[in-house]
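A short write-up of the structure that comes next.
The values are calculated or read from the model by the stated rules, or taken from the named source; none is laboratory data. Because the structure is a prediction, the values reported are computed rather than measured. Cβ placement follows ideal geometry from the backbone for every residue including glycine, while neighbour counts extend to all protein chains displayed. Heads up: the accessible areas ignore ligands, DNA and RNA and are worked out on the full protein's heavy atoms, side chains in. Shrake-Rupley method; radii C 1.70, N 1.55, O 1.52, S 1.80 Å.
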Amino acid sequence: MTMIRSGLVATWRSVRNTFRLIFRTWSGRIALPIVLLHLVLTFFGPLIAPYSPTAMPESIDQYQNLPPSPQFWLGTDQYGRDVLSRVMCGAGSLIATAGTGALLGIILGAVVGMSSGYKGGRVDEIVMRVMDGLMSFPTLLLALLVLFTLGPSRFNIAATIGFVSMPAIARVVRSTTLSLKNMEFVQSARLRGESTFYIIFRELLPNVLPVLGVEASVRFSYAILSVASLGFLGLGIQPPSPDWGLMISQSRRFLVVAPWVALAPMGAVASLVIGVNLLADGIRQATRMAKEDKHE
Amino acid sequence: MNEKRKNETPLLEVDHLAVTFYTPHGTFNVVRDVSFTIQRGEVLALVGETGCGKSISAFAIVRYLLPFHPGESRVDGTIFFEGKDLIAMPDSELQKLRGNRIAMVYQNPGTSLNPTMRVGLQMEEVLKQHLRVESKQAHQRTVELFDSVGLAEPDRIGQRYPHQLSGGMQQRVMIAMALACDPDLLIMDEPTTGLDVTTEATILDLMVDLKQRVNAGILFVSHNLGTVARVADRVAVMYAGQTVEQGPASAIFKRSKHPYTTGLLQCVPQPPSEDETNTRLRSIPGDTYAPEEVNLQACLFAPRCPMAQEMCHTEAPEILSVGDSHQSRCFFWNNVHKGIWGELEPRDEGIRETAEPVLNANKLQRFFGQWQRKYILFGPRVRPPVRAVTDIGFEVGGGRTLGIVGESGCGKTTVARLVAGLIPRQRGDILLRTEELAPMIEERTDQQRAALRMVFQNPTTSLNPKLPARHTIVRSLQKLARLSRKDSHERAEELARAVRLEPAYLDRRPEALSGGEQQRIVLAAAFAGESDLIIADEAVASLDVSVQAQVIKLLEDHQRESGTSYIFISHDLGVVRYISDDILVLYAGHIAESGPAECVLNIPSHPYTEALLSAVPIPDPDATPTRIRLGGAVPTLRERFQGCFFAGRCPRKIGPICDNTPPPVHIGPGSPDHAIHCHIPVEELIKLQSD
Amino acid sequence: MARFIARRLGLICITLLVVSVVIFVITELLPGDVAAMILGKEATEESLERLREELGLNRPAHERYLSWIGDVLRGDLGDSYALKMPITDIVGRRLRHSVILAAFAFLVGVPAAVAAGIWAGMHPNTKLDRLISMTALVGISVPEFVTGLLLILLFTSTLHLLPSSSIILPGVNPLTSPQILIMPALTVTSVLFAYIMRMTRANVIEVMQADYIRTAILKGLPMKRIILRHLFPNAMLPTITVIASSFGWMLGGIIIVENVFAYPGIGQLLLRSIETHDIPLLEVVTLIIAGTYAISNLLADLSYAALDPRVRLA
């Protein structure tokens, strides 16, 4: 128990320090409010949205493709639905799906990368060849292929995103593990008879975490891009759920008469990914600063 | 003479130099107050321990401070080169001096050369830039310069890339490049650190030779007092960003007038010589002053000084003249002498004669890699495995210390790892008392693991950077001494006290500890299991001398109290000589010589041992340098030796027999255990080496 | 060097093998019944059986895989199920179109990105660097379909300069009507530029810290020479790998871009085969894209080796 608690306290402390450092970076300061806004939308979007995102008014003709006005801040779409409400409610499913997918990828990648790298030898050789094979697919292509056979459901999308982002994470984690495993503290753990499981999770994991932190933020932004792209191609979250990618895809026919229907979700998805990428840059700078702290 | 020198402008005059870095993490006074002068044709050595600011002072001269710290830096004080102010000089003018009038040689020649450019071109571009010569002339001059620094085949070496050269050759190229434009000032930043001792000796010879040939002033930055004594005319000692003492080399080494210098000199283990080492090493208590502290109203050495008075803590001493061009930054310089650090304690020899060996290793063998074929699975076999360790056997007596010496690539670390079971041996057997040890640590029993512990070279990576320092001690106690959680924490604090650390240190992260403190934590963990044998692989190599002495003394004390045996691996003959009872000299994966320490280090020796001994720099400027030098490099170890493993470089080679017959084992005089693996008969060796 | 090439060639064979197995497993083994997948829910048992017979689905999986991969290796790509014609005939033209797009993006994007990356890396944290870096960050953040639609809004809806769709009729060479190429190419280039620029910048910053750059500076060399002879060759080495891996990004992006502009390339063919559940075609198209990517990585490895004396002369 104490081991777990001291581990948690240490993790919390390092997370808090990292945040402090992130906030000191230029990109971190821009990124945090953007990401925070999207997170608020994720949790409270449906609650604070002025209209229902899916309900269509009875007289569609009257409300179809209305330009932005005080009543509908971002106008209405082809079915007369409020674009603002749809954008606000779309954040949740996108972030949840992409987040779950990225998290899954991180966990899978960390487990595969650490065990394969630590074990080494034949097993490692074979695992890495398979990862190379998987990495020969552009991520989007592999995701399309998997979703094509499994069918697009929210769970399948998240699982697919996890699966396709796993190889790249595994590779990064593996190379970190390889450099760590020859370090003397791992050797001394072996010398005092620690089990492989203990070495991987107690000795290696805390040292892989900073790498995972950077990877997680990068993967999260890729995941958002992938989920949105899949939605755009019609293999993502299915209608009538408000999905940004799908909304953009459907608005193409009215691009000339009602550009706001496209522009609103476009702005939403772009700002979200920009925010996450800035945050990733911030985290990277923060870990570098933390490293420099140590050298002094 | 003195009068004349005063009227002449010195080549380089550094006065009250201070370098401050302003980083996001705070302000660092890395250099606080450094003053020295260099005359033409003179070698000034800037000496000090890690973090004292010596390298940054050197780089400040050429105004290159950017990469040391991110963020802003500020330089105070003055630096005059031939009367011109280097700090105020415009960049364009400075660029004309760099590489031309002021040239540099760096610590890591391997990374200091551009890996994607032929070394000849890297050389020629300096000549073209500063001397405006044609390609043909530049090429010709390059060959001459390569020749002048003793590179073999000077006309062909320019075609090579840096990775095709050995470390010693790379450093020669760097030196040739620095000499390209016949500079007035040569700055050498730790030029031999990281090179093998035999290579270091040849580079130092080259420097001594250069000193006579070129009429340049040389600033030689080093932490190694032995190398300084070999080449320096004058020495400036630095501590915590200040020059604390400055003077002619003989005065500094013989009549030092600063307590730090006297202490430092006594921390160095005496060079291996024929006299028995019967006094204990000295260490300087405490740690170096951290650069972020700004309290300048005191002598910075006062907290560690044995003769500190009240005023030392409240007033900052100025550097004072204490003799003929000899200065010291000490209020009480007049009272400084060798005895201020107390009487040298005699060594307690204790019981060293035990019948039973603790460890017996026999015919150990380990090759790395496999035969490689030209096209992976097909084609002729092109590349044999590396024969890192071939047939090595030894014995470690109870309560005794076996020192293993040799240069990089000799197989000493592989031997340590084979014994510890970190890598499996391919042949041979290891007996711990009477039990056969399994090749891999994972297959050994808990008792065997507890009996055999290991300490590594790098203390920073020996501790998990993300876990508090106590982790490794507590886990060792739980796994090896079978203590409960509560007991292990209590015992850990006792162990910490035993290695002279406050228990509060145990809760720190490794990054908050100095190198010496880290290594003491590692020792505490190694002592945890009540082990029979501790393998120390270069355990003090990365530590500063004052801290190195602390760690060696801890090892000594532990051995006296608990009777633990050690395998002590080191490239530093002085340290090995001090600590070992028996010595094993390795070369290219083979045993060159083995036996009791005093026999191995005395005449007669294996020619390789002789070369090693002769290469060790001695911290005494009056010592006459010995002349035996090894040319060439350590063999690649991919081929089986037809004859003697040392034949390729042996200065005492007697003929074809060395090339085609493996050497016999001769028993040397003095002890039946003294074995010399050489074709030359013992009597012959005695005669050869006595001259 | 010969060893290195041999090793790389061996590895690429293994990788391609893994790729083909992955494709086969995902498309033919995961869904359970391929015939049902192709024909949809309304299919009768008879028609399913007929299709199974036609596609040879009744045979054991490993046999099917071996005969498929054997055919592919002999150059027989099979027939498209939906279009009822040999896949070789369909793929060729589409591939040419995509290659034109990719080549344009590469020729324009890579040099520009490398130049911008080097400049930014040499002058980190200046105003212009912040601007370039921010642009690149936006570039990697904004999805291709957003960039594409914004371009349409600008050039078609507002300026009325370019057609919004890039349909190419059979037999027409797209190079003769460059106006339809501009927007798709710009979209692909923007992502490519952003990605490579960021990586180049990071590499340059890293190389700037190297000891040999210090040596070059303290040799008194002028900045121009330091950049050209010391910085550039060393910073380019890792950048080559980056360029190859960005190729994978671009191939993914091309799928979307071709969809946005209705550009008849390999990406659109892929989406079409997914829509029509044309599994034989899907398998081939996927194999082509993944194979291209794997080979581009091989080329990167080889050029890396050719340029780095440490590998070349090892």
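Numbers at a glance
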item: Close pairs from region C:259-276: first facing chain A (nearest Cβ under 10 Å), partner among the charged types (D, E, K, R) and open to solvent by less than 20 Å² (accessible area, probe 1.4 Å), Cβ under 7 Å, at least 6 apart; result: C:G267/C:E258
item: From the options B:R118, B:R160, B:R141, B:R74, residue that is surrounded by fewer than 17 Cβ atoms within 10 Å (Cβ to Cβ) and among the charged types (D, E, K, R); result: B:R74
item: Close pairs (9 angstrom Cβ cut-off, 6 or more residues apart or separate chains): in contact (Cβ under 8 Å) with a residue 60 or more places away in the chain in region C:40-64, surrounded by 14 or more Cβ atoms within 10 Å (Cβ to Cβ) anywhere; result: C:G40/C:H277; C:L55/C:V34; C:L55/C:A35; C:L55/C:I38; C:L55/C:R64; C:L55/C:Y81; C:L55/C:I279; C:L55/C:P280
item: Among (1) open to solvent by 40 Å² or more (accessible area, probe 1.4 Å); (2) assigned to a loop (DSSP other than H, G, I, E, B); (3) in contact (Cβ under 8 Å) with a residue 40 or more places away in the chain, the one test that B:P662 misses; result: (3)
item: Answer residue from region B:18-29, given it is at the interface with another protein chain (Cβ under 10 Å from one of its Cβ atoms) and part of a strand (DSSP E or B) and is surrounded by the fewest Cβ atoms within 10 Å (Cβ to Cβ) among those; result: B:G26
item: Region B:440-457, residues that are surrounded by 19 or more Cβ atoms within 10 Å (Cβ to Cβ) and either basic (K, R) or not in a helix (DSSP H, G or I) (or both); result: B:R444, B:R449, B:L452, B:R453, B:M454, B:V455, B:F456, B:Q457
item: Filtered residue count, region C:289-308, keeping only those that are buried (at least 19 other Cβ atoms within 10 Å of the Cβ), assigned to a helix (DSSP H, G or I) and facing another protein chain (nearest Cβ under 8 Å); result: 5
item: Elements of type helices (runs of 4 or more DSSP H) in region A:180-296, at least 3 residues being within 14 Å of chain B (Cβ to nearest Cβ) and modelled with pLDDT of 85 or more; result: A:184-191, A:205-232
item: Identity of the residue in region C:231-258, within 9 Å of chain A (Cβ to nearest Cβ) and aromatic (F, W, Y), that ends up nearest to A:S229 (Cα to Cα); result: C:W249
item: Filtered residue count, region A:199-249, keeping only those that are aromatic (F, W, Y) and closer than 14 Å to A:L103 by Cα; result: 2
item: Of the criteria (1) within 14 Å of another protein chain (Cβ to nearest Cβ); (2) assigned to a helix (DSSP H, G or I), which one C:P124 fails; result: (2)
item: Only one of B:V616, B:V634 that is hydrophobic (A, V, I, L, M, F, W, C) and either out of contact with any strand residue (DSSP E or B) (no Cβ under 9 Å at 6 or more places or on another chain) or buried (at least 21 other Cβ atoms within 10 Å of the Cβ) (or both); result: B:V616
item: B:V133 being among the β-branched types (V, I, T) and either free of Cβ contacts under 8 Å to residues at least 40 places away in the same chain or surrounded by fewer than 20 Cβ atoms within 10 Å (Cβ to Cβ) (or both); result: yes
item: Helices (runs of 4 or more DSSP H) lying entirely in region C:1-63 (those with 3 or more residues that are away from chain A (no Cβ under 14 Å) and farther than 14 Å from C:H277 by Cβ); result: C:2-24, C:45-55
item: Pair list, Cβ under 7 Å, 6 or more apart: region B:433-452 residue more than 11 Å from every other protein chain (Cβ to nearest Cβ), other residue open to solvent by less than 50 Å² (accessible area, probe 1.4 Å) and assigned to a helix (DSSP H, G or I); result: B:E435/B:Q448; B:L437/B:Q448
item: Test: residue in region B:194-215 that is touching a strand residue (DSSP E or B) at 6+ places or on another chain (Cβ under 6 Å), crowded, with 20+ Cβ neighbours inside 10 Å and touching a residue at least 24 places away in the same chain (Cβ under 8 Å); result: no
item: Qualifying residue in region B:608-626 (condition: assigned to a loop (DSSP other than H, G, I, E, B), free of Cβ contacts under 8 Å to residues at least 24 places away in the same chain, within 23 Å of B:L195 (Cα to Cα) and over 18 Å from the mean Cα position of the chain (by Cα)); result: yes
item: Long-range neighbours under 9 Å by Cβ, at least six apart or interchain, first residue closer than 21 Å to B:E511 by Cα within region A:11-33, second modelled with pLDDT of 75 or more and not in a helix (DSSP H, G or I); result: A:S14/B:K466
